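Data first, discussion second: the structure below is written as structure tokens.
What follows draws every value from the coordinates through simple rules; no lab data is involved. In this text, all values refer to a predicted model and were calculated from it rather than measured experimentally.
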Amino acid sequence: MTAPSLAPFIIARPWLKSLVMPLANWYGNAAGYRKMGLRADDLISEENANVMLALRRLPAKESYDRIYRLRRATQLSVQHKLLPKSEWTKPEEDLPYLGPLLAEIEAEQKEIEQLDTLSVLKKH
């Protein structure tokens, strides 16, 4: 289950978005994952059945790119290094690729649960 998000509320209000975006960009850069070439969805733990299913649904190229980014980041971590600034993940490249699939899977599971608990009422 994904966590509730305030993003739709903030995006719907331009004045609030203009206040929050500088803070969000600062936080994204301060987190450090972009300095290792990672994207935010690369940080999602794979120990969840929904995440494993979403990873299986990824296109082949996106799956390969994810594995490459994770292996490169692991190697950088072992070497105690960061990528050169030209290779850092830019904020415009840090788009969700796993989140939409997770939302789709959760919607499917909710629909299945509703259908499984469906009760038939007899009309007299």
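So here's what we get for this one:
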| quantity | calculated |
| --- | --- |
| 26 Å Cα-Cα threshold exceeded, pairs from Lys17/Lys90; Lys35/Lys61; Lys61/Lys90; Lys17/Lys81 | Lys17/Lys81 |
| Prolate/oblate/rounded call for the range 1-80, Cα gyration tensor, a/c under 1.5 rounded | oblate |
